[in-house]
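Remarks on the structure that follows.
The values are calculated or read from the model by the stated rules, or taken from the named source; none is laboratory data. Note that the structure is predicted; figures quoted are calculated from it, not measured. Don't worry about glycine lacking a Cβ; one is built from the backbone with ideal geometry, like all the others, and counts go over all protein chains shown. We work out accessible area using only protein heavy atoms, side chains counted, and drop any ligands, DNA or RNA first. Shrake-Rupley method; radii C 1.70, N 1.55, O 1.52, S 1.80 Å.
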Amino acid sequence: MPDRPKKMERQAGGGILSRFRKRLPLHRAGPPQDNVGEVVKEPERALEHYLPNFAGGQHFFEYLLVVSLKKKHSGEDYEPTIIYQFPKRENLLRGQQEEEERLLGAIPLFCFPDGNERAPLTECPRTQCKPGLCLLFLRETFSFVLTNVDGSRKIGYCRRLLPAGRGPRLPRVYCIISCIGCFGLFSKILDEVEKRHQISVAIIYPFMQGLREATFPAPGKTVTLKSFIPDSGTEFISLTRPLDSHLEHVDFRSLMRCLSFDQILQIFASAVLERRIIFLAEGLSTLSQCIHATAALLYPFSWAHTYIPVVPESLLGTVLLVNLCEGTFLMSVGDEKDILPPKLQDDILESLGQGIKESRTSEQINEHVSRPFVQFFVKTVGHYASYIKREANGQGRFQERAFYKALTSKANRRFVKKFVKTQLFSLFIQEAEKSKNPPADYFQKKILEYEEQKKQKRPKEKTVK
């Protein structure tokens with residue numbers, strides 16, 4: 001196993017990639033360190049992937065904000081500023097007012113992580129990325145997460161675009177702040193907000209008021225809103241939440257456009273051991289979607305660490321540096337292909353390659369990509385519930401040693417002995433110890449299917465003997 005990161009030969013293009021490359025150390029010795037726990041994204045502001053799983057009944061959002069760039073009094077730089085807010089809250093207590101001011105003060109920076117480098121634009125400024133890989137600046141959809149001191153999280157769903165017109169214009173971001181994780185649903189809401197803003201800001205208010213009064217649907221359910229648009233009349237807008245919630249905030253198409261299946265598998269292997277991963281892209285949409293997709297591959301486990309905004313050199317010792325625009329690894333540890341059991345790696349790659357051309361819709365692609373990674377966890381740790389022993393008070397105690405020794409494959413056992421030491425697995429098991437019965441979710445469904453397949457296979461094997 002190499003004792004230093006391996007630089008890849010291919011070079012990144014200009015813009016943010018070239019700026020980042022200047023900060024890479026020429027040499028960085030030291031053994032690989034797993035369980036490190038930071039995932040980094042460029043540009044300068046962070047996106048954190050924890051998306052809660054809501055049953056339904058909550059309100060859709062807390063705020064709709066429109067953020068634009070305003071020239072600073074000193075110099076030629078621009079700073080992001082809120083130019084529209086709904087609702088505007090009044091009669092708040094002092095503590096509530098201070099909390100709102102902190103929230104609204106932070107959001108513009110996340111809407112424009114590169115705000116101080118922007119200037120009025122007439123067209124998309126990026127020319128470095130391959131056609132079709134990065135979305136145009138004229139219309140970008142991305143998200144970020146703000147974590148409060150009490151651990152609660154608010155998600156910002158953003159649409160950044162260049163307003164219609166001629167001549168230099170300043171880009172604008174529509175940002176919906178919510179505590180609910182459902183990227184696809186909020187993307188459709190942003191489509192409606194954008195359409196109304198092009199007509200008149202005034203007609204955004206009744207639409208958002210109707211949305212604010214509606215309750216967030218349970219999985220598989222639909223909410224229908226009635227909205228009036230001048231010259232178009234009354235419209236009925238249906239917002240349907242996917243029945244299978246573990247993929248409702250994900251779109252794997254960007255990840256597949258940027259990277260090969262083999263590269264995706266190496267990123268998955270690094271994430272499973274909680275290594276540092278850096279994603280670079282010129283487009284916020286590409287960056288946001290690929291980070292969400294990578295974290296979704298870990299289901300039923302949740303990424304427990306934060307995303308940090310700046311990359312000190314000291315953190316680059318053990319890192320996988322992914323250039324999404326060119327589809328390359330600029331830096332790697334070198335052992336990414338050796339982390340997962342070889343047989344299970346082959347199973348994942350074979351499953352990904354079969355039938356992908358027949359998967360046409362976003363939902364079909366999501367299911368096709370997610371399925372072999374879920375099956376990987378079914379085969380390696382799907383027997384976890386049998387090794388949680390209950391005490392008299394109902395509290396469970398996980399039998400770690402017996403759990404990984406139950407695996408007959410030495411390669412699987414070696415991997416699981418490492419994986420049980422991660423926070424991914426520890427947090428998952430802590431929840432399982434508290435619950436008397438496994439949750440009736442997608443992962444449990446696949447475990448039961450796999451166990452049934454093994455039962456049916458055993459009689460056949462005995463007959464052959």
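At q = 0.12, 0.14, 0.17, 0.18 Å⁻¹, what base-10 log of I(q)/I(0) does the Debye formula yield for the range 244-453 when every alpha carbon is treated as an equal point scatterer in vacuo?
-0.66, -0.90, -1.29, -1.42
Explain nothing, just compute: Karplus ³J(HN,Hα) = 6.51 cos²θ - 1.76 cosθ + 1.60, θ = phi - 60°, for every residue of the range 170-187 in order, whole Hz, x for Gly and Pro.
Result, ordered by residue: 8, x, 9, 10, 8, 10, 9, 9, 8, 9, 9, x, 7, 4, x, 5, 6, 5 Hz.
What is the set of long-range amide H partners of residue 63 at a cut-off below 5 Å, with H atoms built 1.01 Å from backbone N?
177
So what's the projected area for the range 143-193, the Cα convex hull averaged over all directions, in nm²?
4.2
Give me the distance in nm between label points sitting 7 Å out from Cα along the Cα-to-Cβ direction at residue 218 and residue 235, one decimal.
Here the modelled spin labels are 3.0 nm apart.
What spacing in nm lies between the two simple spin-label points modelled at residue 77 and residue 354, each 7 Å away from Cα in the Cβ direction?
Taking the two extended label points, one gets 5.6 nm.
I'd like the Karplus ³J(HN,Hα) series for the range 97-102: coefficients 6.51, -1.76, 1.60, θ = phi - 60°, whole numbers in Hz, and an x wherever there's a Gly or Pro.
Rounded to whole hertz, the list is 5, 5, 5, 5, 4, 5.
Any of 357/379; 88/195; 343/418; 410/445; 405/446; 357/445 with alpha carbons more than 24 Å apart? Name them for me.
357/379; 410/445; 357/445
What three numbers, in Å, describe the spread of the alpha carbons of the range 180-300 along their principal axes, ordered from the longest?
Principal extents (largest minus smallest coordinate, Cα): 52, 32, 20 Å.
Compute the signed sum of charges (Lys and Arg +1, Asp and Glu -1) over the other residues within less than 13 Å, Cβ to Cβ, of residue 192.
+2
Mind listing the phi-derived Karplus ³J(HN,Hα) values for the range 405-413, rounded to whole Hz, using 6.51, -1.76 and 1.60 with θ = phi - 60°, and x for any glycine or proline?
Taking θ as phi minus 60°, the curve returns 6, 5, 7, 7, 7, 5, 5, 5, 5 Hz for the range 405-413.
Starting from the Cα-Cα distance between residue 410 and residue 90, subtract it from 0.36 nm times their residue separation and give me the gain in nm to one decimal.
108.9 nm
Starting from the 7 Å offset along Cα-to-Cβ, what nm value, one decimal, do you get for the label separation of residue 202 and residue 454?
For residue 202 paired with residue 454, the spin-label model returns 6.7 nm.
I'd like the carbon and sulfur percentage of the solvent accessible area for the range 244-453, probe radius 1.4 Å, heavy atoms only, ligands and nucleic acids excluded.
Using a 1.4 Å probe with all protein chains present, the range 244-453 comes out at 49 percent carbon and sulfur.
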